[in-house]
Amino acid sequence: MPAYDFHVFVCQNQRPEGHPLGCCMSKGSGELLAYMKARVKELGVENIRINKSGCLDQCSTGPALVIYPEGKWFSPQSIQDVEEIIQSHILNKE
C-alpha cells in the first residue's frame, strides 16, 4: 500500500569537476530540489514525498528526476521546468 500519491527522487550525485560523465549537482539539481520541495508545500500538496537521491544513471541528460509510482522521468533544466512538472504532472495528474 503506497504511503504517498507521488514519490519524487531528484538526483543529487556529485562528481569531481571535469569528470567525463558530469553530474546532476553541477547542473543545478540542488536548487531544483529545494524549489520543488518549497513549492509543493506552498501549494498545500498532500501525500507527496520529495527526496534527494544518489546517482540515477542519467548523467548525460541530467539533472534527473523520477516520479513514482508511474516511473515517469524528467530532465528539468530550470525552475520553470520544475514548475511545469508540478502543474502538469502533480496537480493535474497528466
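The values are calculated or read from the model by the stated rules, or taken from the named source; none is laboratory data. On a predicted model such as this, the values are computed, not experimentally measured, just so you know. Cβ sites come from the backbone with ideal geometry, for glycine too, and all protein chains shown count toward neighbours. The accessibility values were calculated without ligands, DNA or RNA, using every heavy atom of the protein model including side chains. Shrake-Rupley method; radii C 1.70, N 1.55, O 1.52, S 1.80 Å.
Go through the stretch 1-13 and give me each residue that's modelled with pLDDT of 90 or more and of a type outside the set (A, V, I, L, M, F, W, C). Write out each step before concluding.
Taking the stretch 1-13 first, the residues modelled with pLDDT of 90 or more are 4-13.
Once the filter is applied, which keeps residues that are modelled with pLDDT of 90 or more and of a type outside the set (A, V, I, L, M, F, W, C), the stretch 1-13 yields Y4, D5, H7, Q12, N13.
For residues that are aliphatic (A, V, I, L, M) and open to solvent by 30 Å² or more (accessible area, probe 1.4 Å), scanning just the stretch 49-80, find the one that is modelled with the highest pLDDT.
From the stretch 49-80, those aliphatic (A, V, I, L, M) are 50, 56, 64-67, 79; that's our starting set.
Subsequent filtering for residues that are open to solvent by 30 Å² or more (accessible area, probe 1.4 Å) retains 56, 79.
Values: L56: 93, I79: 97.
Here the answer is I79.
Restricting to the stretch 1-45, what's the tally of residues that are of a type in the set (D, E), in contact (Cβ under 8 Å) with a residue 24 or more places away in the chain and exposed (fewer than 11 other Cβ atoms within 10 Å of the Cβ)?
Start the filter on the stretch 1-45 by keeping residues that are of a type in the set (D, E), which leaves 5, 17, 31, 42.
When the remaining residues are screened for being in contact (Cβ under 8 Å) with a residue 24 or more places away in the chain, the result is 5, 31.
Checking which are exposed (fewer than 11 other Cβ atoms within 10 Å of the Cβ) leaves us with none.
Count: 0.
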